[in-house]
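One structure below.
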Amino acid sequence: MQVETLHQDLLQELNSNNDICLDVSEVVSADTASIQLLCALQKHLLTIHHKIVWVGSSDALQNAINQLGLSQYLTLESKG
């Protein structure tokens, strides 16, 4: 998925005013732009007392987050 598509999908989800559930089980690569978008999402959700609910796991995403030093900020605690 391209970061532009992800951005549009996330904007639609933000309108629901709930936690955002992201299934990362099929993520095989993650670039800096995608991680930056997830950080912005995380920051916004924290301001409105919501969170990202992670579904599945992705070594590629976790590795990208770790390499950027963001593992304390984007904690991929999976719900299944």
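Taking a ≥ b ≥ c as the square roots of the eigenvalues of the Cα gyration tensor, the chain is rounded, since a/c falls below 1.5.
Derived scalar couplings between HN and Hα for region 53-66 equal 9, 8, 10, x, 9, 8, 4, 5, 5, 4, 5, 5, 4, 5 Hz in order, rounded to whole Hz, by the Karplus curve 6.51 cos²θ - 1.76 cosθ + 1.60 (θ = phi - 60°), x for Gly and Pro. Taking a point 7 angstrom from the Cα of S25 along the C-beta vector, which residues in region 42-63 have backbone N less than 12 Å away? Answer for this model: 55-58.
Residues in region 11-51, backbone N under 18 Å from the label point at D59 (7 Å along the Cα-to-beta-carbon vector): list them, ranges by number please. Residues 24-31 qualify, since their backbone N sits under 18 Å from the label point. Relative contact order of region 3-67: 45 percent, from C-alpha pairs under 8 Å at least 6 residues apart in sequence.
No lab work stands behind these numbers, since they all come straight from the coordinates. This is a predicted model, so every value here is computed, not measured. Cβ: placed from backbone, ideal geometry, glycine included. Neighbour counts: every protein chain shown.
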